[in-house]
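**Q** The structure is given below, and queries will be raised subsequently.
Every number here is computed from the coordinates shown, using simple stated rules; none is lab data. Here the structure is a predicted model, which is why all the values come from computation and not from measurement. Neighbour counts run over all protein chains shown; Cβ positions are idealised from the backbone, glycine included.
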Amino acid sequence: MAQEKFINSPYVTEMRKITRGLYQHGWDERNGGNVSYRLKPDEVNQYTDTTAILRNVPIDFDATELAGQYFLVTGTGRYFKNVYDNPEGDVGLVQIAKDGHSVDIHWGYNDGAQPTSEFPAHLMTHIKRLRVDSDQRVVMHCHPTNLVAMSFTVPLNEKVFSRLLWKMQAESIVVFPEGLGILPYMTPGTTTIGEATANKMKTFRLVLWPQHGVFAAGDSMDETFGLIETVEKAALIYTTIQAQGGHFLHEITDTDLANLATRFNLAPNPDYMMGQSLVTGQ
Ligand code: 2HA
Ligand code: ZN
């Protein structure tokens, strides 16, 4: 098939729209946030000549398990505000090199950019999620305001936090039945936080970085963005309840959660299905 320009591919279009959406929600101020999108060889080859390598850049951890895989990745230090108009500068198409310690840049980063500072966390997450879900394609990091705010006021306990989010709207347990994974506060941009995030990604698709943001993984851009939208909506409802005095007269009960699980054929984390009531505190 005749090659078209990669910039006109649906994958770049999706990346432009998603980064714009993240910016417009106020979840990616300045250079906050990063997205990686695994592309299949036939998708890439349709639009660009992958024998051409623009540059090779080292990565400081072992990504051998992903050798040969292609990722469309936002650049380090780049502003999501600008990606829509400048995808060829702010986004790059990279392929993990055979030795797993560098990436070949095939397209983009045309003013010298490099993959996101959180690339270790992204690639380690892709590795872990691919082991449980061969359709895994997208990792997204951003700073959703209300969820980050909750990480200052709610105990950083996965059961407590997940149940609270589930009880803020019927949709929560349907969209993230496994709940929310939580790390301790850690320094971003390190392989240490990457390893910790990826470990949580064995069981969760949403991992909270307290006092910072969230990591989400999924099979598509829409699904992954939808996960973040849903958890952040639950956090917004919680914030609004606090603004109304924070006293619960009504709630989604544990029985209601069980009925949602039955109705939508969910396999929620069984440990989170019973616990304290928001109304009685019992
Ligand atoms: O890419 O959000 O965590 C900037 C960040 C780092
Ligand atoms: Zn961040």
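**Q** So for each of 145-156, 181-192 I average, over its residues, the number of other beta carbons within 10 Å; can you give me the resulting order with the highest mean first?
**A** Result, highest mean first: 145-156, 181-192.
**Q** Can I ask one more? How would you rank 121-132, 45-56, highest first, on the average number of other Cβ atoms within 10 Å across their residues?
**A** 121-132, 45-56
**Q** So what is the calculated 222 nm ellipticity per residue for the chain, using -39500 (n - 2.57) for each DSSP H run with n of 4 or more, over all residues, to the nearest 500 deg cm²/dmol?
**A** Helix-only estimate at 222 nm: -11000 deg cm²/dmol.
**Q** A further question on this structure: With axes computed from alpha carbons, what is the tilt in degrees of helix 119-132 against the longest principal axis of the chain, rounded to the nearest 10 within 0 to 90?
**A** Tilt of helix 119-132: around 70 degrees.
**Q** I would also like to ask the following. How large, in Å, is the chain by the Kirkwood hydrodynamic radius built from its alpha-carbon pairs?
**A** Here the Kirkwood hydrodynamic radius works out to 19.5 Å.
**Q** Moving on. Rounded to whole Å, give me the distance from the Cα center of the stretch 148-202 to that of the stretch 72-115.
**A** 28
**Q** Additional query: How far apart, in nm, are two points set 7 Å out from the Cα along the Cα-to-Cβ line at THR76 and at ALA149?
**A** Once both label points are built, they end up 3.3 nm from each other.
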